[in-house]
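See below for the structure under consideration.
The values are calculated or read from the model by the stated rules, or taken from the named source; none is laboratory data. These numbers were taken from a predicted model, which means no experiment stands behind them. Backbone-built Cβ (ideal geometry, glycine too); neighbour counts: all protein chains shown. Accessible surface is based on the protein model in full, side chains and every heavy atom, while ligands, DNA and RNA are left aside. Shrake-Rupley method; radii C 1.70, N 1.55, O 1.52, S 1.80 Å.
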Amino acid sequence: DALDAFEEGIYIINEDYTVEYMNKFMKELFGEGVGKKCHKVLVGSDRPCDWCKYDEIFAKSETHHSQVYVESVDKIFALSEMPVFNQDGTKSKLSIYRDITQSVKQERKLKSSKASYQRLFAHVGCGVFISSKEGRFLDVNPALLKMLGYDDKDEFLSLDLAKDVYLKPEDRRRYRQIIERNGKVIDYEVRWRRRDGHILHLMLTSNVRYDENGEILGYEGIVVDQTRRKNQETEIREAIDFLDN
């Protein structure tokens with residue numbers, strides 16, 4: 001049987017829901033069902049399946065495509081249902097079940113991961129950024145905008161990192177040398193400039209972003225404000241120096 005070579009489940013029913021044909025793949029999924037009611041074979045029910053387009057196929061000769069979950073085999077299928085016109089003038093329904101379980105689960109997992117990342121990006125307390133190799137922010141989270149005193153995200157994304165953000169442009173060059181050599185930087189201490197001119201002591205931890213050819217696109221990472229701690233350390237040192245004198 002040529003249809004046994006297909007990696008999709010294929011079966012044909014007549015107008016009283018009786019299975020006339022099942023290919024090998026379909027039999028392996030649901031067992032031998034020729035001569036039985038299709039809904040009995042697929043879901044063990046005395047009633048037609050909820051997703052069945054019987055009326056559309058037999059009454060209107062339409063073709064339908066849908067996605068269905070079949071609990072009896074715990075699989076998700078891309079289902080195609082279409083009319084077949086027999087030589088004796090009768091009509092049958094041909095159904096093709098393509099197993100898409102893994103791809104659907106993977107897609108759901110990716111969507112869930114993306115949603116989780118977006119929630120984290122939006123609500124985490126530390127700054128998060130994605131920047132280009134050339135020195136522009138491509139995206140930043142609200143915490144980083146607030147940290148650097150910006151209300152307008154577009155204004156912030158237009159900044160030149162080396163000139164407008166880093167207190168010393170050479171710190172940006174050194175950062176690039178380290179991250180491109182090692183693929184990452186961890187707890188890199190640097191000073192950035194707020195919009196109002198105040199100096200912030202920050203800690204950067206970030207990774208290189210690569211394209212599909214392994215070329216460097218830019219960097220992504222987190223920014224932790226250490227200004228208060230640095231100021232406290234300075235005050236403590238000044239107090240100690242005062243007492244020593």
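So which residues in region 224-245 are out of contact with any helix residue (DSSP H, G or I) (no Cβ under 6 Å at 6 or more places or on another chain) and either modelled with pLDDT of 90 or more or among the polar types (S, T, N, Q) (or both)?
First, the residues of region 224-245 that are out of contact with any helix residue (DSSP H, G or I) (no Cβ under 6 Å at 6 or more places or on another chain): 224, 226-245.
Scanning region 224-245 gives Val224, Gln226, Thr227, Asn231, Gln232, Thr234, Asn245.
Residue under question is Arg176, and the condition is that it be touching a Gly at 6+ places or on another chain (Cβ under 7 Å) and not hydroxyl-bearing (Ser, Thr, Tyr); does it hold?
no
Regarding region 102-110, can at least one residue be identified that is within 28 Å of Phe25 (Cα to Cα), open to solvent by less than 40 Å² (accessible area, probe 1.4 Å) and among the acidic types (Asp, Glu)?
First, the residues of region 102-110 that are within 28 Å of Phe25 (Cα to Cα): 102-109.
With the extra rule that they be open to solvent by less than 40 Å² (accessible area, probe 1.4 Å), the set shrinks to 104.
With the extra rule that they be among the acidic types (Asp, Glu), the set shrinks to none.
No, there is no match, as no residue in region 102-110 is within 28 Å of Phe25 (Cα to Cα), open to solvent by less than 40 Å² (accessible area, probe 1.4 Å) and among the acidic types (Asp, Glu).
State which residue pairs qualify: first residue farther than 20 Å from Lys75 by Cβ and inside region 17-40, second residue open to solvent by 30 Å² or more (accessible area, probe 1.4 Å) and assigned to a strand (DSSP E or B) in any location, beta carbons under 8 Å apart, and separation of 6 or more residues or different chains.
Close Cβ pairs (under 8 Å, with a partner that is open to solvent by 30 Å² or more (accessible area, probe 1.4 Å) and assigned to a strand (DSSP E or B)) amount to Tyr17/Lys37; Thr18/Lys37; Glu20/Ile12; Tyr21/Ile12; Val34/Glu20; Val34/Tyr21.
List every residue pair whose Cβ atoms lie under 7 Å apart, where the two residues are 6 or more positions apart in sequence or sit on different chains, the first residue falls within region 178-195 and is part of a strand (DSSP E or B), and the second residue, located anywhere, is of a type in the set (D, E, K, R).
If the second residue must be of a type in the set (D, E, K, R), the pairs left are Val190/Asp171.
Does Glu15 meet the test of being open to solvent by 50 Å² or more (accessible area, probe 1.4 Å), of a type outside the set (A, V, I, L, M) and within 36 Å of the chain's Cα centre (by Cα)?
So Glu15 fails the test.
Which condition does Thr90 not pass, out of (1) within 27 Å of Lys105 (Cβ to Cβ); (2) modelled with pLDDT under 95, if it passes all the others?
The single condition Thr90 does not satisfy is (1).
Inspect all residues belonging to region 62-73 and state whether any of them is free of Cβ contacts under 8 Å to residues at least 12 places away in the same chain and either exposed (fewer than 11 other Cβ atoms within 10 Å of the Cβ) or among the polar types (S, T, N, Q) (or both).
As a first pass, look at region 62-73 and keep what is free of Cβ contacts under 8 Å to residues at least 12 places away in the same chain: 69.
Those left that are additionally either exposed (fewer than 11 other Cβ atoms within 10 Å of the Cβ) or among the polar types (S, T, N, Q) (or both): none.
Taking every residue of region 62-73 in turn, none turns out to be free of Cβ contacts under 8 Å to residues at least 12 places away in the same chain and either exposed (fewer than 11 other Cβ atoms within 10 Å of the Cβ) or among the polar types (S, T, N, Q) (or both).
Residues in region 74-85 that are loosely packed, with under 12 Cβ neighbours inside 10 Å and under 15 Å from Asn14 (Cα atoms): how many? Outline the logic, then answer.
Narrowing region 74-85 to residues loosely packed, with under 12 Cβ neighbours inside 10 Å: 74, 85.
Filter once more, so that each one left must be under 15 Å from Asn14 (Cα atoms): 85.
Within region 74-85, residues that are loosely packed, with under 12 Cβ neighbours inside 10 Å and under 15 Å from Asn14 (Cα atoms) number 1.
Looking at Asp160 and the list (1) under 30 Å from Asn23 (Cα atoms); (2) more than 26 Å from the chain's Cα centre (by Cα), which single condition is not satisfied?
Going through the list (1) under 30 Å from Asn23 (Cα atoms); (2) more than 26 Å from the chain's Cα centre (by Cα), Asp160 breaks only (1).
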